[in-house]
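Comments concern the structure below.
Just so you know, all these numbers are worked out from the coordinates, no wet-lab data involved. Source: prediction; values computed, not measured. Here the Cβ positions follow ideal geometry from the backbone for every residue, glycine too, while neighbour counts run over all protein chains shown.
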Amino acid sequence: MWEPKWDGYRALVGAGRIYSRNGTNLTPLFPDLTPVLTARLPDDLVLDGEVIAWDPGAGRLDFEGLQARMTAGRRIRTVAARRPAQLVVFDVLAAGAEDLRGRPLRDRRAVLEQALAGIASPIVLCQQTDDVALAREWFQTLTAGGIEGLVIKDAGGSYPTEPGQRVWWKVKAKQTLDMLAIGFTGDDAAPAALVLAFPGDVDDEGRPVTAGSTTSLPKAAAKSLAPLLRPTGEAFERTFAWGSATPTRVTVVAPFIVEVEADASAAAGVLRHAVRLHRARPDVDPERTN
C-alpha cells in the first residue's frame, strides 16, 4: 500500500488530546484543532496521523507556519489563527475499547474508514492506494504542494509497537538527511552554524561524534533556531575541513534533530563539505533516530 508522506508533525490522537511519538503532550499547541477532535471523535478512538498546516496563498503545505507554534508561548492563539491546523489520519490503534494494533493494516483501514465516514475537515482521511501507477502519479504531482514523498506499507502488517521498529518504508522526493545538532558556533541568540553528528555515532564514552557543520545560517534561520538551543555548559574547539586553519569554538547543546541537504559523501557516513540546513525537527525524538 502507498500513502503520501505529509510534511507536518506526526501525532497520536485520543480523547481530544494530541501527543508526539515520544509521548510529549502537544495539545496546548493546537487550540484550534483540539475542540474539533473532542466534539467529533469518540473518546475510545485512538488515531495515528500527521498534523499539518496549509498556506492557501502559496498553494502548499506550510511546515514553518506549523513550527511557529513551538515558540509562540502566550501568542499561540494568534499564531494558530494565522495558519489553522488539520489532522490527516492514516491509521487507527484502538476503537470501541478494542486494541487494533495486532490486526492487519487492511483491517485497520476498514475500521478507520468507517470511523471517519461523514467527518469533514479539519479531520481528513489520508489517501491510500494499492495501484503502483497511481502512487507514481502522486509522487510526481503532489510533491509540488509540499508532500515529502511516499510511505510504503504492508497491507497484512500489524501496527509497529516497538521503539525503532521499521515496518513502513519512506521514499522522499527531497534528498534530505536527518542529523543531530549537537552544538553551534557564534552567539546563542543568532548562531552562525550548527555542528552536527550522525545519529547513533558515539565515542567510547557515549558522546556523539562530531561529523561536520552546516553552512552559514541565514539571519532568519538563525533567529528561529535560538529557542531550540539548550547549552549544556560544555564547549570545545574544532577546525573544520572547509573552514580556516584557526579552530572554531563550539558550544555544546542538548541534541535535537535537523534535516539537512547533503552531497553523496553523507551517504558514506562522512561530511566532506558543509551541508545546508533544510529545517529543524523539534517534534522528532533524537533517541528514536538511532
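Only alpha carbons enter this Debye calculation for region 136-226, each as an equal point scatterer, and the log10 of I(q)/I(0) it gives at q = 0.15 Å⁻¹ is -0.88. GNM on the chain, alpha-carbon springs under 10 angstrom: the most fluctuating residue among G23, G65, G49 is G23.
Projecting the Cα atoms of L12, G145, A68 onto the charge dipole of region 2-172, computed from C-beta unit charges around the Cα centre, puts A68 farthest toward the positive end. Compared with the dominant principal axis of the Cα atoms in the chain, helix 132-141 is inclined by about 50°.
Can you figure out the FRET efficiency of A117 with D43, using R₀ = 22 Å and their beta-carbon distance, to the nearest 0.05?
About 0.75, to the nearest 0.05.
Evaluated with a Cβ-only charge set (Lys, Arg +1; Asp, Glu -1), the chain carries a dipole of roughly 760 debye about its Cα centre, given to the nearest 20. Using 20 Å as the cut-off for backbone N distance, which residues of region 75-112 belong to the label zone defined by a point 7 Å from the Cα of A220 along Cα→Cβ? In region 75-112, the label zone of A220 (backbone N under 20 Å from the point 7 Å along Cα→Cβ) covers 79-84.
In the chain, if the dipole is taken from +1 on Lys/Arg beta carbons and -1 on Asp/Glu beta carbons about the Cα centre, which of A80, T34, A95 is farthest to the positive end? Positive-most Cα among the choices belongs to A80. Adding -39500 (n - 2.57) for every DSSP H run of four residues or longer, then dividing by how many residues the chain holds, sets the calculated 222 nm ellipticity at -4500 deg cm²/dmol.
Summarising the overall dimensions of region 2-172 from its C-alpha atoms, the Rg and Dmax are 15.8, 47 angstrom. What the Cβ-Cβ distance of A110 and D178 gives, at R0 = 35 Å and to the nearest 0.05, is a FRET efficiency of 0.60.
The dipole here belongs to region 56-202: it is taken about the Cα centre, uses +1 on the Cβ of Lys and Arg and -1 on the Cβ of Asp and Glu, and is about 440 debye. Shape analysis of the chain yields a ratio of the Cα radius of gyration to the Kirkwood radius, Rg/Rh, of 0.98.
State, as an integer percentage, the relative contact order of region 2-172 based on alpha-carbon contacts under 8 Å between residues 6 or more apart. Normalised by residue count, the contact order of region 2-172 is 28 percent.
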